[in-house]
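Worksheet: the structure to be examined is printed underneath.
The values are calculated or read from the model by the stated rules, or taken from the named source; none is laboratory data. Owing to the predicted nature of the structure, the values given are computational and were not obtained by experimental measurement. Cβ coordinates were reconstructed from backbone atoms using ideal geometry, including for glycine residues, and neighbour counts include every protein chain displayed. Heavy atoms of the whole protein, side chains included, go into the accessibility calculation; ligands, DNA and RNA do not. Shrake-Rupley method; radii C 1.70, N 1.55, O 1.52, S 1.80 Å.
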Amino acid sequence: MHKQLLWPIKTAHFVIKLGSQDDLQAVLNLLSDGELVRLSGLQLPDDQMMRSWAVNNWLRQQQLLLITDQTGQLLGLISLFQIYANDGDYQTRTIELGYLLRRDCWGRGIMGEALGHFLQALAKNGDIKRLQAYVAIDNLRSRSLLQKFRFRQVGNENGYLKMVKAL
């Protein structure tokens, strides 16, 4: 899937790179902000050992891309999850996109720029044809960002809007 993309992506403001198990504590620290996690739609266990196991598993499976500043400080992340089809197998050519950014980085255009670079790289890859994302109904900034990148709303599930984009 995304392993075929060229990482890292470096800009003047940040780096997008594949997360590794060495990044576990930094990612767990970022995810300790419960409201940030809620707004992102990530489903995480409350139990800290289970949360650590889940995040470590995501890192091992290369499902988390980290957005860092030039010094390596974690600013946010982009998550890529395969989606199960009705028959229990993974859907092919479709992934679920998630993202979150530290609160002190909000309003500076970082996530918009990061998603722009990520989506360009993903479109060049050719393997993925459809993205879906969930956004909290009250997360107006994130809804606006997805709309900017031509995601369209297709549903409403448990307080989150389901949005999709064809590549």
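Residues are listed down the side, and each one gets a yes or a no for (1) of a type in the set (Gly, Ala, Ser); (2) farther than 16 Å from LEU36 by Cβ:
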position	(1), (2)
LEU77	no, no
ARG102	no, no
GLY116	yes, yes
TYR134	no, no
ASP138	no, no
ASN158	no, yes
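Within region 17-30, identify whether any single residue is of a type in the set (A, V, I, L, M) and within 20 Å of GLN120 (Cα to Cα), and answer yes or no. Within region 17-30 (the criterion being of a type in the set (A, V, I, L, M) and within 20 Å of GLN120 (Cα to Cα)), the answer is yes, since at least one residue qualifies. Of the residues making up region 77-96, those that are out of contact with any Ser or Thr (no Cβ under 7 Å at 6 or more places or on another chain), at pLDDT below 95 and not polar (S, T, N, Q) are LEU80, PHE81, TYR84, ALA85, ASP87, GLY88, ASP89, TYR90, ARG93, ILE95, GLU96.
Can you find, within region 21-46, the residue that is most open to solvent (accessible area, probe 1.4 Å) among those that are over 26 Å from LEU161 (Cα atoms) and at pLDDT 95 or above? Please lay out each step first, then the result.
Our first condition is that a residue be over 26 Å from LEU161 (Cα atoms); within region 21-46, this holds for 21-26, 29.
Restricting the remaining residues to those that are at pLDDT 95 or above gives 22-26, 29.
On the way: ASP22: 147, ASP23: 26, LEU24: 35, GLN25: 112, ALA26: 46, ASN29: 89 Å².
Among those that are over 26 Å from LEU161 (Cα atoms) and at pLDDT 95 or above, it is ASP22.
Considering only residues in region 1-20 that are open to solvent by 30 Å² or more (accessible area, probe 1.4 Å) and at pLDDT 90 or above, the one that is farthest from ASN57 (Cα to Cα) turns out to be ALA12. Out of all the residues in region 15-56, which are within 22 Å of GLY112 (Cα to Cα) and assigned to a loop (DSSP other than H, G, I, E, B)? Answer for region 15-56, where residues must be within 22 Å of GLY112 (Cα to Cα) and assigned to a loop (DSSP other than H, G, I, E, B): GLY19, LEU31, ASP33, GLY41, LEU42. MET111 satisfies every condition listed in (1) more than 19 Å from HIS13 (Cβ to Cβ); (2) crowded, with 19+ Cβ neighbours inside 10 Å; (3) in contact with a Phe, Trp or Tyr (Cβ under 9 Å, 6 or more places away or on another chain) except (1).
Per-residue answers, yes or no, for (1) open to solvent by 20 Å² or more (accessible area, probe 1.4 Å); (2) free of Cβ contacts under 8 Å to residues at least 12 places away in the same chain; (3) of a type in the set (Lys, Arg); (4) outside any strand (DSSP E or B):
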site: LEU119; (1), (2), (3), (4): no, no, no, yes
site: LEU122; (1), (2), (3), (4): no, no, no, yes
site: ILE128; (1), (2), (3), (4): no, no, no, yes
site: GLN132; (1), (2), (3), (4): no, no, no, no
site: SER142; (1), (2), (3), (4): no, no, no, yes
site: LEU145; (1), (2), (3), (4): yes, no, no, yes
site: GLN153; (1), (2), (3), (4): yes, yes, no, no
site: MET163; (1), (2), (3), (4): no, no, no, no
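Here the condition is being surrounded by 19 or more Cβ atoms within 10 Å (Cβ to Cβ), out of contact with any Cys (no Cβ under 7 Å at 6 or more places or on another chain) and either β-branched (Val, Ile, Thr) or under 22 Å from TRP7 (Cα atoms) (or both); of GLN82, GLN63, it holds for GLN63 alone. Within the bounds of region 66-76, is there any residue that is under 13 Å from the mean Cα position of the chain (by Cα), under 16 Å from PHE14 (Cβ atoms), at pLDDT 95 or above and part of a helix (DSSP H, G or I)? Checked region 66-76: no residue is under 13 Å from the mean Cα position of the chain (by Cα), under 16 Å from PHE14 (Cβ atoms), at pLDDT 95 or above and part of a helix (DSSP H, G or I).
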